[in-house]
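Q: Have a look at the structure that comes next, please.
The values are calculated or read from the model by the stated rules, or taken from the named source; none is laboratory data. The shown structure was predicted, so the numbers you read here are calculated from the model rather than taken from an experiment. So basically every Cβ, Gly included, is an ideal-geometry build from the backbone, and we count neighbours across all protein chains shown.
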Amino acid sequence: MSNQAHVIKTRIPDPPPAAEQLLSAVRDAVEALKAKDVVEIDVRGKSSVTDFMVVASGTSTRHVKSIADEVVKHAKQLGYMPLGVEGEREAEWVLVDLADVVVHIMLPRVREFYALERLWTVGDQPPESDTDEAPQDA
């Protein structure tokens with residue numbers, strides 16, 4: 001018994017859409033399906049893999065998968081096939097790789113556990129100043 005390999009055909013238009021155009025399509029897709037707590041992270045200069053990451057939550061595994069499907073649909077409308085889609089079967093965390101934009105759609109408990117926003121934004125905020133503390137008398 002032999003299994004045929006599953007082949008994913010990717011197609012990148014020439015010229016490919018700009019990262020901002022893909023990001024706009026992703027925004028439209030997650031908004032259309034009412035994704036929760038959408039965060040866009042600019043990782044240019046932090047990652048050589050992508051320019052932007054979008055992290056969003058779905059309310060159920062069905063919702064997570066539907067949001068991912070909508071992201072793929074919007075990318076295809078630009079003539080762009082995703083480089084990969086991972087996690088669709090379990091649909092607790094689905095990753096859609098659009099090269100310049102990587103989209104993570106997660107259940108809230110999975111998102112809280114992995115804390116991708118915190119991982120990719122460490123050092124972005126200036127340290128809290130000590131001026132907020134009440135002065136102590138010596």
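Q: Do we have any residue at all in segment 93-115 that's β-branched (Val, Ile, Thr) and touching a Pro at 6+ places or on another chain (Cβ under 7 Å)? Give the steps one after another, and end with the answer.
A: Step one: list which residues in segment 93-115 are β-branched (Val, Ile, Thr), which gives 94, 96, 101-103, 105, 110.
From what is left, the residues that are touching a Pro at 6+ places or on another chain (Cβ under 7 Å) are 96.
Yes, segment 93-115 contains a residue that is β-branched (Val, Ile, Thr) and touching a Pro at 6+ places or on another chain (Cβ under 7 Å).
Q: Do we find that LYS46 is at pLDDT 90 or above and among the basic types (Lys, Arg) in this structure? Before you say what the answer is, go through the steps one by one.
A: Values: at pLDDT 90 or above: no; among the basic types (Lys, Arg): yes.
No: the conditions fail for LYS46.
Q: Tell me whether segment 100-108 contains one or more residues that are buried (at least 16 other Cβ atoms within 10 Å of the Cβ), at pLDDT 90 or above and over 27 Å from ALA18 (Cβ atoms).
A: Step one: of segment 100-108, the residues buried (at least 16 other Cβ atoms within 10 Å of the Cβ) are 100-107.
Cutting the leftovers down to at pLDDT 90 or above gives us 100-107.
Imposing the further condition that a residue be over 27 Å from ALA18 (Cβ atoms) reduces the set to 107.
Yes, that holds for at least one residue.
Q: Ok, one more. Examine segment 2-13 for a residue that is modelled with pLDDT of 95 or more and of a type in the set (Gly, Ala, Ser), and state whether such a residue exists. Break it down stepwise before answering.
A: Step one: list which residues in segment 2-13 are modelled with pLDDT of 95 or more, which gives none.
The answer is no; no qualifying residue exists.
Q: When residues of segment 77-99 are filtered for being out of contact with any Lys or Arg (no Cβ under 9 Å at 6 or more places or on another chain) and closer than 22 Å to GLN21 by Cα, how many remain?
A: Residues flagged as out of contact with any Lys or Arg (no Cβ under 9 Å at 6 or more places or on another chain) and closer than 22 Å to GLN21 by Cα within segment 77-99 amount to 10.
Q: If you don't mind, there's one more thing I want to ask. Pick from LEU95, LEU119, LEU83, LEU107: which is touching a Phe, Trp or Tyr at 6+ places or on another chain (Cβ under 9 Å) and not acidic (Asp, Glu)?
A: Working: LEU95 fails: touching a Phe, Trp or Tyr at 6+ places or on another chain (Cβ under 9 Å); LEU119 fails: touching a Phe, Trp or Tyr at 6+ places or on another chain (Cβ under 9 Å); LEU83 fails: touching a Phe, Trp or Tyr at 6+ places or on another chain (Cβ under 9 Å).
After applying the criteria, what remains is LEU107.
Q: State which residue is nearest to VAL43 (Cα to Cα) when the search covers only segment 54-71 and only residues that are of a type outside the set (S, T, N, Q), surrounded by fewer than 19 Cβ atoms within 10 Å (Cβ to Cβ) and touching a Leu at 6+ places or on another chain (Cβ under 9 Å).
A: ASP69
Q: A further question on this structure: With the requirement that a residue be under 14 Å from ALA29 (Cβ atoms) and among the polar types (S, T, N, Q), what does segment 47-91 give you?
A: SER66, GLN77
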